[in-house]
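Asker: Could you have a look at this structure, given as structure tokens, before my questions?
The values are calculated or read from the model by the stated rules, or taken from the named source; none is laboratory data. What you see is a predicted model, and the numbers here were worked out from it, not measured in a lab. Here the Cβ is made from the backbone with ideal geometry for all residues, glycine too, and neighbour counts use every protein chain on show.
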Amino acid sequence: MKKRGFLQIPFAWLFAIIVGAVILFLAVYISMKLIGTEQTTQDAKAGKEIGVLLNPLETGFETGKTTTLNMPVETRIYSRCSNQGIFGEQTIRVSQKNFNKWSETDIDVSFPNKYLFSENFVEGKKFFIFSKPFNFPFKVADLIYITSKNYCFISAPEEVAEEVADLKQENLFLENCPEKSTNVCFLGGAECEINIDYNAGYVSKKTGKVYFNNDALMYAGIFSEDNLYECEAKRLMQRVAQLTLLYNNKAELVSKSGCNSNLGGELSQLNNFAGTFSGTINLNAMNSVVKKLEEKNDVAECRLW
Amino acid sequence: MLQNAGYGKMKKAQLKIQQMAFMLIVVTLFFVLVMMFVLVVKFSGLKNTAMGLEEKNAMLLVSKIANSPEFSCGESFGRNKINCVDWDKLMVLKESIGKYEEFWGVSNIEIKKIYPTENSEIICDKYNYPECGITRIMPKDVQGFDVSNFVTLCRKTMSSDGFYDKCEVARIMASYGGEK
């Protein structure tokens, strides 16, 4: 009687099953890894593309520009900000929904020359983006606001209401606000998620209070998360500090040919303020020097900006 | 006789195992090759995508740069002008460009005066400005592709009647690619 072992299977079969299983396992494992890599690539690509698509919003002298961003799948755009380095950094991270699950990626796309204001993350297939120049008193940057949910502006001052109406942005309402809109109130009220004191220059939410000194920063305060707002404001001041140095040097250069601007003192003062900026609560103290600079530059023989 | 038959069977079985092992190795190699091919195609695609994005970015960026606060005329030469570069500011920026090296994400930015053509081939520095035509913002030479746009290049000039605004036609170029 020939012995065939415990399982009564020929060795060739056993060998084929084991090796086959190993090959199948490896194929499945590698495929899964590749799908993961592809998803990460897609997320990184989407992040970079969003950054590129924001560039047209930062050209020209318009008081406000608006656009929409349509994504093929449900997407979350995370905005992060860092004050490291001379200008700090804006980071975008994109996560997309696949098979009812949000992709997890740790790839951040960074832009040192962009200033994005949004909630911690904005979610949806359609994103509304508008931009507004930030002048302090010279142009510092174009601020970009990304939103996806509805906002209802209640009792807005005339200039704000006019601007919101002119933007024609689908998710910003002045009247007939849809249900579940975030209420932005300028004269207070019981059902207000966001309260604005336009004259005192602050935006208050459940999470805290942030300060502004012009409309560009007011919108930033409305649409963005408090910490992000403060961080971006600091980044703006980092750029203000560099621009004051640039204008100071320009003043020296043009004064060599006898064209004086007489702004040196105020520019140094603004540079000091910007260098020691610790939060938007400091903005109020800077207003007088900003105003003085604006007035002096307007009448200067050689205007610096 | 019996022993011979057993030996023959064993040999046949060994041959079958060898055949099977050989087949498995060939199949595995085939899959590995297919996978390598897929990966090569995939990563070359990724590289192209990255290059495409960079190029698209540069196209938009060149307009953005001309209008950014570090370059633009603002209201220095009358009312706000689009695509107007302040040459005085540019020369000052050139001196402190170290801080801005990574800021716009391009390898170099060059503004070349194209009309009037006098001194248009002379590279500007603080000693020959404004008797020059090419303002290279970053000191390094670059290779790769570039994108350009037409701009007005303005500065303050002194005449017997006092200061006046002098604006010339220029081309702003942003270049991408590996450094030399």
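Asker: Is it true that residue A:261 is within 17 Å of residue A:87 (Cα to Cα), not in a helix (DSSP H, G or I) and not assigned by TED's automatic domain parsing to the domain that holds residue A:143?
Answerer: no
Asker: While we're looking at this one, here's another question. Scanning for something within 19 Å of the chain's Cα centre (by Cα), buried (at least 17 other Cβ atoms within 10 Å of the Cβ) and part of a loop (DSSP other than H, G, I, E, B), does region A:158-171 turn up at least one residue?
Answerer: Yes, because at least one residue in region A:158-171 is within 19 Å of the chain's Cα centre (by Cα), buried (at least 17 other Cβ atoms within 10 Å of the Cβ) and part of a loop (DSSP other than H, G, I, E, B).
Asker: Sticking with this structure for a sec: Does region A:142-155 contain any residue that is within 14 Å of chain B (Cβ to nearest Cβ), under 21 Å from the mean Cα position of the chain (by Cα) and within 21 Å of residue A:286 (Cα to Cα)?
Answerer: Scanning region A:142-155, I find at least one residue that is within 14 Å of chain B (Cβ to nearest Cβ), under 21 Å from the mean Cα position of the chain (by Cα) and within 21 Å of residue A:286 (Cα to Cα), so the answer is yes.
Asker: Within region B:122-143, how many residues are out of contact with any Cys (no Cβ under 9 Å at 6 or more places or on another chain), not in a strand (DSSP E or B) and not hydroxyl-bearing (Ser, Thr, Tyr)?
Answerer: Looking only at that region, the number is 8.
Asker: Do the conditions hold for residue A:237, that is, is it buried (at least 23 other Cβ atoms within 10 Å of the Cβ) and at negative phi?
Answerer: Yes; evaluated as a whole, the condition is true for this residue.
Asker: A further question on this structure: Could you identify the single residue in A:131, A:148 that is under 30 Å from residue A:189 (Cα atoms) and surrounded by fewer than 22 Cβ atoms within 10 Å (Cβ to Cβ)?
Answerer: The unique qualifying residue is A:148.
Asker: With respect to residue A:280, is the statement that it is more than 14 Å from chain B (Cβ to nearest Cβ) and crowded, with 18+ Cβ neighbours inside 10 Å true?
Answerer: In short, yes.
Asker: Would you mind finding the one in A:20, A:51 that is within 30 Å of residue A:135 (Cβ to Cβ) and either at pLDDT 80 or above or part of a helix (DSSP H, G or I) (or both)?
Answerer: A:51
Asker: Considering every residue within region A:225-234, establish whether at least one is more than 14 Å from every other protein chain (Cβ to nearest Cβ), of a type in the set (Phe, Trp, Tyr), in contact with a helix residue (DSSP H, G or I) (Cβ under 7 Å, 6 or more places away or on another chain) and in a loop (DSSP other than H, G, I, E, B).
Answerer: The answer is no; no qualifying residue exists.
Asker: Give region A:250-261 a look and list any residue that's under 16 Å from residue A:293 (Cβ atoms) and surrounded by fewer than 19 Cβ atoms within 10 Å (Cβ to Cβ), or say none.
Answerer: A:260
Asker: Keeping to region B:102-142, report how many residues are surrounded by 19 or more Cβ atoms within 10 Å (Cβ to Cβ) and among the polar types (S, T, N, Q).
Answerer: Counting residues in region B:102-142 that are surrounded by 19 or more Cβ atoms within 10 Å (Cβ to Cβ) and among the polar types (S, T, N, Q) gives 3.
Asker: Does region B:44-94 hold any residues that are in contact with a helix residue (DSSP H, G or I) (Cβ under 9 Å, 6 or more places away or on another chain), more than 7 Å from chain A (Cβ to nearest Cβ) and at pLDDT 90 or above, and which are they?
Answerer: Within region B:44-94, B:68, B:71, B:72, B:73, B:84, B:85, B:86 qualify.
Asker: So, in region B:144-156, of the ones that are modelled with pLDDT of 90 or more and β-branched (Val, Ile, Thr), which residue ends up surrounded by the most Cβ atoms within 10 Å (Cβ to Cβ)?
Answerer: Ranking the qualifying residues of region B:144-156, first place goes to B:151.
Asker: Take the conditions of a type in the set (S, T, N, Q), part of a loop (DSSP other than H, G, I, E, B) and within 14 Å of chain B (Cβ to nearest Cβ) and apply them to residue A:176. Does it pass?
Answerer: So residue A:176 does not fit the description; no.
Asker: Testing residue A:89 on (1) within 15 Å of the chain's Cα centre (by Cα); (2) away from chain B (no Cβ under 12 Å); (3) acidic (Asp, Glu), one condition comes back false. Which one is that?
Answerer: So the condition that residue A:89 fails would be (2).
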